[in-house]
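First the structure, in the form of structure tokens, and then the observations on it.
Values in this text are rule-based calculations from the coordinates and carry no lab data. None of these values were measured; they are calculated from a predicted model. All Cβ positions, even for glycine, are placed from backbone atoms using ideal geometry, and neighbour counts span all protein chains on display.
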């Protein structure tokens with residue numbers, strides 16, 4: 001009786017990871033919080049004094065207007081750096097509430113710094129990350145961009161030197177989520193990716209290829225990928 005051949009072990013699927021950065025609390029965010037609290041108190045006192053108390057206070061309308069203005073300003077500026085940022089194998093992702101907006105490294109056309117914000121430009125849209133609350137995230141983005149897509153980096157040395165030095169323990173390491181590939185086209189053959197299982201990604205710049213048309217070198221970053229491209 002012939003012995004059964006041992007089943008071939010499948011190579012473990014590479015787990016794509018990224019670092020998740022929460023906004024850093026700054027002195028300006030403290031002032032914003034205090035301003036919001038003061039505005040809310042003034043607004044509440046004004047509402048009571050103008051519409052609830054009998055007779056109303058003649059100056060209550062000014063409390064309502066000033067409190068609403070202060071509260072609105074605090075809410076506006078508090079949102080400036082409130083989104084978490086993710087940086088890793090798949091590119092850069094911004095958490096917009098429950099939605100994850102992702103930009104692959106290969107799609108970045110320019111990375112610059114303007115008006116205290118890190119600006120990420122693609123052919124279709126532009127994203128801005130405030131440096132006041134996301135200095136470590138911006139530093140990590142620049143570090144990885146220099147390694148993955150150096151031609152897209154357009155940052156002056158004095159601006160990059162002002163950022164904190166990237167550290168190994170920055171951020172929280174999490175798996176890459178919500179990676180949408182279906183609908184994109186293979187960068188080598190232009191064949192549409194109908195199913196995500198057919199996609200293969202460059203480990204350096206996350207360029208997308210159809211599994212039947214993976215080139216020896218990535219057409220975007222020129223790295224060897226024939227045997228290192230990974231499945232989604």
### Message
Distances longer than 19 Å among the Cα atoms of the range 85-175: what percent of all pairs is that?
### Response
33 percent
### Message
Using only the alpha carbons of the range 143-232, what is the convex hull's orientation-averaged projected area in square nanometres?
### Response
7.2 nm²
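What FRET efficiency comes out for the pair residue 109/residue 37, r = Cβ-Cβ distance, R0 = 45 Å, nearest 0.05?
Once the sixth-power term is evaluated, E becomes 0.60.
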### Task
Could I have the simple spin-label model distance between residue 124 and residue 172, label points 7 Å from Cα toward Cβ, reported in nm to one decimal?
2.9 nm
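Ranking request for peptides 149-156, 200-207: highest mean number of other beta-carbon atoms within 10 Å first, then the rest in descending order.
For the peptides 149-156, 200-207, the packing ranking is 200-207, 149-156.
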### Summary
Rg/Rh over Cα atoms for the range 180-232, Kirkwood Rh, comes to 0.91
### Query
How long are the three semi-axes of the equivalent ellipsoid for the range 106-156, computed from the Cα gyration tensor as the root of 5 times each eigenvalue, in whole Å, largest first?
16, 13, 9
### Message
Students often get this wrong: which residues of the range 88-112 have the backbone nitrogen under 16 Å from the point 7 angstrom along Cα-to-C-beta of residue 154?
### Response
107-112
### Query
Between residue 211 and residue 227, how many nm apart are label points set 7 Å from Cα along the C-beta direction?
2.0 nm
